[in-house]
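Coordinate-derived values only; no laboratory data. None of these values were measured; they are calculated from a predicted model. So basically every Cβ, Gly included, is an ideal-geometry build from the backbone, and we count neighbours across all protein chains shown.
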C-alpha cells in the first residue's frame, strides 16, 4: 500500500506510513470505532513496539529503559515497566494529536485522521475517517 502525505508534513513518508498503516489495518473487529492511544497499543503491541525505538515516537529515554539485570526489588522493576508503558501511550497520543486533520492517501482511498473528545477525564479517541474514494483509472 502506498501512502501520500500532505505537503509540509515534517515526517518522512516512511515514518508516517509506519503509524498510519497500523491505524488502517484490521482493528480486531472494532471496525472504524475511535480508539484511545492506550487501546491502539493494546490491540497490537508487536506492531507498535518497534516504533518506540526510532523517530517519530522514539527513541525511548535511557532512564526508562528496563534493564535485564534487576538491581532492586521486583516491585521497583515493575514500576519502571509501568512508567515505560505510560511514556509509550503519551508519545503515541502526542503524535496523534499533532496530526489530527491531516489526510493520507492509501491506494484509491483518502483518509483524514480524526479525534473524538469525550469527558475531560476520558482519553481522546482517534480514527481514520474515509473522506474520498477515487475511481480506479483501469
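Structure above, values below:
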{"quantity": "Residue 53-residue 115 pseudo-label distance in nm [points 7 Å out on the Cα-to-Cβ vector]", "calculated": "3.0"}
{"quantity": "Potential lengthening between residue 46 and residue 105 on full extension [0.36 nm per residue; Cα-Cα distance subtracted]", "calculated": "18.8 nm"}
{"quantity": "Among 37-43, 129-135, the order from most to least packed when residues are scored by Cβ within 10 Å on average", "calculated": "37-43, 129-135"}
{"quantity": "Estimated FRET transfer efficiency (residue 132, residue 79; beta-carbon r; R0 41 Å; 0.05)", "calculated": "0.30"}
{"quantity": "Distance in nm between pseudo-label sites at residue 86 and residue 62 (7 Å out along the Cβ direction from Cα)", "calculated": "2.3"}
